[in-house]
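Before any comments, here is the structure.
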Amino acid sequence: MTNKNWLYRFLQLTLDPYLRFMYRFQVEGAENFPKEGGVIVVGNHVSFMDSFWIPMCTPRRVIFLAKSEYFESWKIAWFFNSLGMIPLKRGVRHKADAALQAGVECLEAGGVLGLYPEGTRSPDGRLYRGRTGVARLALASGCPVVPIGLSGSMDVMPKEARLPRPRGRVTARLGAPMTFEKYAGQESSRQTLRAITDEIMFEIMNLSGQSYVDEYSPMTSQKIASKKEVKEPPMDEKTAI
């Protein structure tokens, strides 16, 4: 067993039972998760704890695409590297492309790849427009996308909190696998990438119960207060990496 598998397994045996008990963690729709083959797992992102809940509700090991800022501190970098996480440099096209290619390789090897389409934690608990990396991964790999909606996570550990609260209730809802064979050959179409991403975000919204904001996160508090909420993502927006 590799060091990365050993650490992941160790956390499953020690941390998972504690979190399930302390936060009355429940999973709905676990039967939707594919038992084998490459899978892309996507979820809403309102708390640092989300990266613990998502692996807990899937029966297979999850490798996350994680923002490169987590790798800047050697202490945190050691932990993330030991779990096999893939650093993603946001806003730098060639580095983002390299991370996505590493994600495709993980999927083609039959792995489970996790990411947050919003690109960062929600500043206010609402669901923000997804970035199209998830669509690029889905088309490049041909693998299904399993949407997950988390609720209660922000109550356990708000964005600015240093430590989680000692009690809470967290629920993870898994949707049916989404496939996009009908878009085969349209990997370079910005409109297609946008349509796929919006379809995925719509499912996450339904599963999480969040309201949707038609803007990318993060934003200043003044802008957040003024943004118009909509019931579902538009289907004709330009793409963003």
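The values are calculated or read from the model by the stated rules, or taken from the named source; none is laboratory data. The structure displayed is predicted, hence computed values, not measured ones. Glycine also receives a Cβ, built like all others from the backbone with ideal geometry; neighbour counts cover every protein chain displayed.
Against the test of being at pLDDT 95 or above, in contact with a helix residue (DSSP H, G or I) (Cβ under 8 Å, 6 or more places away or on another chain) and surrounded by fewer than 16 Cβ atoms within 10 Å (Cβ to Cβ), the options Ala138, Ala176 yield a single qualifying residue, Ala176.
Scoring Leu163 on the criteria (1) within 18 Å of the chain's Cα centre (by Cα); (2) under 20 Å from Pro123 (Cα atoms) leaves a single failure, condition (1).
So is Leu13 over 20 Å from Pro158 (Cα atoms), aliphatic (A, V, I, L, M), exposed (fewer than 13 other Cβ atoms within 10 Å of the Cβ) and more than 16 Å from the chain's Cα centre (by Cα) or not?
Criteria met by Leu13.
At least 2 residues being among the acidic types (Asp, Glu) is the threshold, and among the helices (runs of 4 or more DSSP H) wholly inside region 128-217 those reaching it are 190-208.
Looking only at residues of region 20-51 that are of a type in the set (A, V, I, L, M) and surrounded by fewer than 20 Cβ atoms within 10 Å (Cβ to Cβ), we find that the one that is nearest to Val145 (Cα to Cα) is Ala30. Has region 78-100 got any residue that is modelled with pLDDT of 65 or more, under 14 Å from the mean Cα position of the chain (by Cα) and surrounded by fewer than 18 Cβ atoms within 10 Å (Cβ to Cβ)? There is no residue in region 78-100 that is modelled with pLDDT of 65 or more, under 14 Å from the mean Cα position of the chain (by Cα) and surrounded by fewer than 18 Cβ atoms within 10 Å (Cβ to Cβ).
Checking each residue in region 147-167 for being crowded, with 18+ Cβ neighbours inside 10 Å and either at positive phi or in contact (Cβ under 8 Å) with a residue 60 or more places away in the chain (or both) picks out Pro147, Ile148, Gly149, Leu150, Gly152, Ser153, Met154, Val156, Met157, Pro164. Using the structure shown, decide if Leu127 is at pLDDT 95 or above, touching a Cys at 6+ places or on another chain (Cβ under 7 Å), within 16 Å of Asp50 (Cβ to Cβ) and crowded, with 16+ Cβ neighbours inside 10 Å. No: the conditions fail for Leu127. Taking region 47-66 as the range and being under 22 Å from Gly168 (Cβ atoms) and out of contact with any strand residue (DSSP E or B) (no Cβ under 7 Å at 6 or more places or on another chain) as the test, the residues that pass are Ser47, Phe48, Met49, Phe52, Met56.
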